[in-house]
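Chemist: I'd like to ask you about the structure that follows.
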Amino acid sequence: MRDRYLYDIAENFAFDAPATDIKPLGEGFINDTYIVTTAKSRYILQRKNHIVFPDVEAMMDNIWRVTAHLKAKVKASGGDPLREVLTVIPTTDGKLFYRDNENFWAASLFIEGSVTHDVADTPRLAYMGGRGIGRFQAMLADFDEPLAEVIKGFHNIRWRLEQWDKALAEDKAGRKTELTDEIGWIESRRAKMLAFWELVEQGILPKRVTHNDTKLSNILFDQNDEVLCVIDLDTVMSSTSLNDFGDAIRSYTNTGAEDDSDLSRVAMNIETFRHYAEGYLSERGETMTASEKEWLAFSALYITFEQVLRFLMDYIDGDTYYKTAYPTHNLVRTRAQYRLLQSMEEQYDEMLKIINDIL
């Protein structure tokens, strides 16, 4: 993208001075991200992916309302809202995003002196990751406004299974007959996973603000690796907060790669689970209901099962959703995630004991 174009885009935001430098930041798997430097400050400028997020206006409204709530909490506790909460920078005419033909742009304040980590390779990082998400959820436990569903059916296993049934019926890539075992993995757990989701539908597991992308790199730390704030709020929606715990466990505890072809390397590290759960519950425990505590460990199985289903469904559909590096890539991912799910099931009693001991 030509440089002058980015400077023209930057002029539409209420930065404290004109941009003097704009450089790419990160790898940009979903959004294109840039760091904007002015004479006084630095900012993050993002071109939002309106294919993944078709309603950018609703997405930005979700972010604005959630961050306003968080800032009020941080200010009331004597903290620094500019460092402990993502700060959205509006456009010069007061809007939350700028549209340039088919492109949608949004901006936020860059938090100076912040650090990110990609992998929880120490017990302390696992603990602090849990603490960061736990604090985020605890501060939003009394947020009772509805949020827009920016991605339809996200973590809704009833919706996913409807897609699954359709994929099996159509068998677009003609692969179904070679997948008897893998299809059995899904069907043998269907009732159990639907029963969990029914608890959400019935309100037994309350709907709260969920981040929906709780990987470690979405937490900013200070120079001493203390949690500053949670970032990348594009997927903030309303659902059970257990989704965030479950997805973090799926991400943090896997001893192998998500697409590991050597299944002997894939397992759930129970000690990483313990450290994350300790950090999470140190912040979140007091604002959880009894039902949320009861089903916390199971959420890891639920989210991992969903990912097994999604990889396998995409393979059956002919690899139309996930990017693949070779013809059986989604099948390899399916089997690796299934091995992780099996490892969780094998250690489920210990997971429950760890949660109970912490509580």
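The values are calculated or read from the model by the stated rules, or taken from the named source; none is laboratory data. It should be emphasised that the depicted structure is a prediction, and the values quoted were computed from it without experimental measurement. Note that we place each Cβ from the backbone using ideal geometry, even for glycine, and neighbour counts take in every protein chain shown. Heads up: the accessible areas ignore ligands, DNA and RNA and are worked out on the full protein's heavy atoms, side chains in. Shrake-Rupley method; radii C 1.70, N 1.55, O 1.52, S 1.80 Å.
Chemist: Restricting attention to region 320-359, which residues are at pLDDT below 95 and either over 24 Å from the mean Cα position of the chain (by Cα) or at positive phi (or both)?
Modeler: Leu359
Chemist: Can you find a residue in region 261-274 that is open to solvent by less than 10 Å² (accessible area, probe 1.4 Å) and closer than 24 Å to Thr324 by Cβ?
Modeler: Yes - at least one qualifying residue is present in region 261-274.
Chemist: How many residues are touching a strand residue (DSSP E or B) at 6+ places or on another chain (Cβ under 9 Å) and basic (Lys, Arg) if we restrict to region 226-273?
Modeler: Counting residues in region 226-273 that are touching a strand residue (DSSP E or B) at 6+ places or on another chain (Cβ under 9 Å) and basic (Lys, Arg) gives 1.
Chemist: Could you list, in sequence order, the residues of region 107-126 that are under 18 Å from the mean Cα position of the chain (by Cα), open to solvent by 70 Å² or more (accessible area, probe 1.4 Å) and not aliphatic (A, V, I, L, M)?
Modeler: From region 107-126, those under 18 Å from the mean Cα position of the chain (by Cα) are 116-120, 125-126; that's our starting set.
Still in the running and open to solvent by 70 Å² or more (accessible area, probe 1.4 Å): 116, 118-119.
Thr116, Asp118, listed by residue number.
Chemist: Does any residue in region 168-195 that is open to solvent by less than 90 Å² (accessible area, probe 1.4 Å) come within less than 6 Å, Cβ to Cβ, of a residue that is not in a helix (DSSP H, G or I) six or more places away or on a different chain, and which pairs are these?
Modeler: Once the first residue is open to solvent by less than 90 Å² (accessible area, probe 1.4 Å) and sits in region 168-195, its partners that are not in a helix (DSSP H, G or I) give Ala173/Gly318.
Chemist: Next question. Name the strands (runs of 3 or more DSSP E) wholly within region 15-78 that hold at least 3 residues that are hydroxyl-bearing (Ser, Thr, Tyr) and touching a residue at least 12 places away in the same chain (Cβ under 8 Å)? So that I can check it myself, show each step before the final result.
Modeler: On the way: elements: 19-24, 32-38, 42-48.
Ranges flagged: 32-38.
Chemist: Conditions: (1) touching a residue at least 60 places away in the same chain (Cβ under 8 Å); (2) open to solvent by less than 20 Å² (accessible area, probe 1.4 Å); (3) closer than 20 Å to Phe298 by Cβ. Val200 meets all but one. Number of the miss?
Modeler: The failed condition is (1).
Listed here are the residues, each with its yes/no results for (1) assigned to a helix (DSSP H, G or I); (2) among the hydroxyl-bearing types (Ser, Thr, Tyr).
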position	(1), (2)
Arg158	yes, no
Ala169	yes, no
Thr177	yes, yes
Trp197	yes, no
Leu205	no, no
Ser217	yes, yes
Cys229	no, no
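Chemist: Taking only pairs six or more apart or across chains, which ones have beta-carbon atoms under 6 Å, a first residue in region 334-356 that is of a type in the set (Lys, Arg), and a second residue that is open to solvent by 60 Å² or more (accessible area, probe 1.4 Å)?
Modeler: Arg339/Leu263
Chemist: Quick one: Leu233 ticks every box in (1) part of a loop (DSSP other than H, G, I, E, B); (2) open to solvent by 10 Å² or more (accessible area, probe 1.4 Å) except a single one, so which number is it?
Modeler: Here Leu233 meets the rest and fails (2).
Chemist: Does any residue of region 254-265 turn out to be in contact with a Ser or Thr (Cβ under 8 Å, 6 or more places away or on another chain), over 20 Å from Glu283 (Cα atoms) and of a type outside the set (Phe, Trp, Tyr)? Even if it seems obvious, please write down each step before you answer.
Modeler: Initial filter on region 254-265 (in contact with a Ser or Thr (Cβ under 8 Å, 6 or more places away or on another chain)): 265.
Subset that is over 20 Å from Glu283 (Cα atoms): 265.
Applying the additional criterion that residues be of a type outside the set (Phe, Trp, Tyr) yields 265.
Yes: region 254-265 contains one or more residues that are in contact with a Ser or Thr (Cβ under 8 Å, 6 or more places away or on another chain), over 20 Å from Glu283 (Cα atoms) and of a type outside the set (Phe, Trp, Tyr).
Chemist: Which condition does Gly256 not pass, out of (1) modelled with pLDDT of 95 or more; (2) under 27 Å from Ala148 (Cβ atoms); (3) part of a loop (DSSP other than H, G, I, E, B), if it passes all the others?
Modeler: Here Gly256 meets the rest and fails (2).
Chemist: Moving on to the next point. Does Phe305 count as under 30 Å from Asn49 (Cα atoms), of a type outside the set (D, E, K, R) and open to solvent by less than 30 Å² (accessible area, probe 1.4 Å)? Working first, answer last.
Modeler: Details: under 30 Å from Asn49 (Cα atoms): yes; of a type outside the set (D, E, K, R): yes; open to solvent by less than 30 Å² (accessible area, probe 1.4 Å): yes.
For Phe305, the condition - under 30 Å from Asn49 (Cα atoms), of a type outside the set (D, E, K, R) and open to solvent by less than 30 Å² (accessible area, probe 1.4 Å) - is met.
Chemist: Does region 97-135 hold any residues that are part of a strand (DSSP E or B) and among the aliphatic types (A, V, I, L, M), and which are they? Even if it seems obvious, please write down each step before you answer.
Modeler: The initial filter retains those residues of region 97-135 that are part of a strand (DSSP E or B), namely 98-100, 103-109, 115.
Selection gives Ala106, Ala107, Leu109, Val115.
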